[in-house]
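What follows is a short report on a single structure.
Values quoted throughout were computed directly from the atomic coordinates according to the rules given, and no laboratory measurement underlies them. For clarity, every value in this text was computed on a predicted model and none was experimentally measured. No Cβ is skipped: glycine too gets one built from the backbone with ideal geometry, and neighbour counts run over all protein chains shown.
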Amino acid sequence: MKQSNYFRWLTEWIVPIVIGVIVAFGIKTWVVSAAVVPSSSMYPTIPATGTHHVYILDNKLEIDFNRKIYRGEVVVFHFPDAPKELYVKRVIGLPGDTVKVTANAVYINGEKLNESNPNIAKSNLPRLGTYHVPLGHYFMLGDNRTVSFDSRYWVNKYVARSAIVGEADFILAPISNIGPISQKLSAFN
């Protein structure tokens, strides 16, 4: 009788819990996961401030199936200078591009980028320059460029394709900001 109760307890409680943990781990590893945005570098697209963090959902399936990363996409990636850290920025330069950041505009291969998204800062100060994106890598900028610690400042300025873990899709918290993250950038003038 005791062995029967033990087996029943095992199959009714332990097995479902173990299966649930395995499924949750699989979802977190290969489908979606949550990330914290602690700074205002993507404000107002992602409304974090120095004192209020924002929790977002990043969609790994969007990236995992080797689809093309596109200009203007907001992605979560391993920071090139400290790979254990995750960053969230907007893709600006694609592999092979030459990106020129001036005070009030960004040029891709000599053409002015039309950043019609109202959430993107109109000033790129204080860090300006020209950057040549290597093949297999991307150049990232924050939307709030005057305070964003982005590709312009890093020692390793470009993010490898393999370091991109997901598309920043949805704001989970705070509750007042729940909703999708704008992937809209526009194209050239």
Could you tell me which of the pairs 100/122; 68/100; 112/157; 84/157; 68/157; 89/122 are separated by over 18 angstrom between their Cα atoms in the structure shown?
68/100; 112/157; 68/157
Using alpha-carbon positions, the gyration tensor of segment 33-177 gives root eigenvalues a ≥ b ≥ c; with a/c under 1.5 called rounded, otherwise prolate if a/b exceeds b/c, else oblate, the class is oblate
Going by C-beta contacts inside 10 Å, put 11, 102 in order with the fewest on the left.
11, 102
Beyond 14 Å, what share of the Cα-Cα pairs of segment 63-109 remains, rounded to the nearest whole percent?
63 percent
Taking other Cβ within 10 Å of each residue's Cβ, how do 85, 167, 73 sort, fewest first?
85, 73, 167
Modelled FRET efficiency - R0 25 Å, residue 128 with residue 34, Cβ distances, 0.05 increments
0.15
Expected sort for 127, 145, 90, 67 with the fewest Cβ neighbours (10 Å cutoff) up front is 67, 127, 145, 90
